[in-house]
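Asks: The structure follows.
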Amino acid sequence: MVHIIGGGLAGSEAAWQAAELGAEVVIHEMRPVRKTAVHQTDGLAELVCSNSFRGDKLDNAVGLLKEEMRQLGSLVMRAADHARVPAGAALAVDRHAFSRLVTEALASHPRITIAREEIDHVPTPESGWSPVIIATGPLTSDALSADIQRLVGDEHLAFYDAISPIVLADSIDMSKVFRASRWDRNVWQAPDRAEGRSRKADYEPPSGQPAADSTSSHPPAPDRTCSHPSAPEGDYLNCPFTKDEYDAFYDALVAAESATVHDFDSVKFFEGCLPIEVMAHRGRDTLRFGPMKPVGLTDPKTGRYPYAVVQLRQDTLAGDHFSLVGFQTQIKWGDQARVLRMIPGLENAEFVRFGMVHRNTYICGPKVLEPTWQTRFRADLFFAGQVSGVEGYVESAASGLLAGRNAAALALGRTPRALPRTTAMGALAHYVARADPAHYQPSNITHGIMEPLANPPRDKARKKALIAARALDDLREWMGEAALSGR
């Protein structure tokens, strides 16, 4: 029986994969018995930060990672596709619908048991728990964290992560904002500029290829081309700034009081999720080249790019909540409301959730893990998700996917297998297991950590297309070998 500690994205995906391959599974989730500082429900796979899974086309590495997961029958991707909300060429979800879909699927699976209890130590093989996947996420409880530290023989590494605010749609002044997607790039019409292909064509499965090697029967994945009434105008609400408005906003932002962490120079944040006030302290125009960049967004009232822009992304299927894109913050809530209401269109904003900061803990993967997500010192112990040293929703779920498959292999008397490094999933696992431990930092999936092409073309778009084609070909070959070996 496979025991999985933690019911987040990695744990949920690991459980699904293991059960689909025929293993009996128990998910041990401490909520609601013990709550965390940022979770709001007891649902599995709850998204506590953004509602975005980032890009969803094969011309970027995370889009390729998603497609590999879809090919392997990912529950997380199936739920995300069903709970999708408009987000241009990205995949964003209604976070409540998404968590509900995952929870219901796992709760109804005949080979999965959900135990609501806190596990405060790493189970040993002698306890009868084997194999075990630790997928407790960045908010691992203090007791379990201390036991993991004892086990790996090293201090945990950590960085701070921040969460974006969410506003009530009815409180947005629609007369001051405009709807558009950057470069008019939307999922239903986002072309591959280099080759003129539609997004839907990117995901057409090869003739005769199944979506996964599972024998179970499930509803087909939804049409991911996503059409909705606002499609011609774009998916984001955009709050345009003049120079004077931006300067006033910037001055108020850098003067606002931080809630917890004050020393911006010594505190370690994940570079891909910096609080806006940390970015602002790097220079007056930093935000205008970051989350507030106006390029690709023409204001219909002026026919020009604004001086700066704050984008709002739909957070629920009903469209009643919008999150501020890239506006992670740790400013105290009183100052937060005052400063954010200086954004054009948000003068009377009602906040469903304020931004906040939390500490992310992870192990040093290159000292502990193999590319199968097994630990080097104990073959039946796996780590997956952010605690293993990956960053991002999709990356966390992807690590859980392979850990779940390999834990099931052990439980069923078979041999765990790594994915080839030419795939996005394989490259991510290789990075976590083989990076330089002296300078190790969690990473999102990028083309830079994938095995390079032997003879790469000079055209970047063509190069990315070839990397994606190679990855999916190698993944299908790996799946075929798994099917022949009974996995």
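Asks: Shape of the range 280-337 from its Cα gyration tensor (a ≥ b ≥ c, root eigenvalues): rounded if a/c is under 1.5, otherwise prolate when a/b > b/c, or oblate?
Replies: It is oblate, given that a/c is not under 1.5 and a/b is not larger than b/c.
Asks: Moving on. In what sequence, highest mean first, do 410-416, 424-430 appear when ranked by Cβ atoms within 10 angstrom?
Replies: Top to bottom by mean Cβ count within 10 Å: 424-430, 410-416.
Asks: Taking R0 as 22 Å, what FRET efficiency do you get between D436 and Q149 from their Cβ-Cβ distance, rounded to the nearest 0.05?
Replies: Efficiency, rounded to the nearest 0.05: 0.55.
Asks: Okay, moving on. In a shell of Cβ-Cβ distance under 15 Å around P300, excluding P300 itself, what net charge do Lys and Arg (+1) and Asp and Glu (-1) give?
Replies: +2
Asks: Please list the radius of gyration and Dmax for the range 35-98, considering alpha-carbon atoms only, with Å as the unit.
Replies: 12.4, 39
Asks: Can I ask one more? Output the relative contact order of the range 269-319, whole-number percent, from Cα pairs under 8 angstrom with separation of 6+ residues.
Replies: It comes to 23 percent, rounded to a whole number.
Asks: Just the Kirkwood number for the range 441-480, please: inverse of mean 1/r across all distinct Cα pairs, in Å, one decimal.
Replies: Every distinct Cα pair counted, the radius reaches 11.4 Å.
Asks: Follow-up. Compute the Cα gyration tensor for the range 375-487, then decide on rounded, prolate or oblate, letting a ≥ b ≥ c be the square roots of its eigenvalues: rounded whenever a/c is under 1.5, prolate when a/b is larger than b/c in the other cases, and oblate in all that remain.
Replies: Here the range 375-487 falls in the oblate category.
Asks: Okay, next question. Quick one: order D56, D173 by neighbouring beta-carbon count within 10 Å, fewest to most.
Replies: D173, D56
Asks: Let's see if you can work this out: charge +1 on each Lys and Arg Cβ, -1 on each Asp and Glu Cβ, no other charges. What is the dipole magnitude of the range 1-121 about its Cα centre, in debye to the nearest 20?
Replies: With only Lys, Arg, Asp and Glu charged at Cβ, the dipole is about 260 debye.
Asks: Within a 10 angstrom radius of the beta carbon, how do T136, T124 rank from fewest other beta carbons to most?
Replies: Neighbour counts put them in this order, fewest first: T124, T136.
Asks: Next question. In whole Å, what is the distance between the alpha-carbon centres of the range 269-338 and the range 49-118?
Replies: Taking the Cα centre of each part, the range 269-338 and the range 49-118 sit 25 Å apart.
Asks: Moving to a separate point now. Cross-link list K293/K464; K57/K293; K57/K301; K176/K332; K243/K293; K57/K460: which exceed 20 angstrom alpha carbon to alpha carbon?
Replies: In this structure, K293/K464; K57/K293; K57/K301; K176/K332 lie more than 20 Å apart at Cα.
Taken together, the values in this text are just the output of simple stated rules run on the coordinates, not laboratory data. Computed from a prediction, not measured in an experiment: that's the story for all the values here. Because the Cβ atoms are built from the backbone with ideal geometry, glycine has one as well, and the counts that use them run over all protein chains shown.
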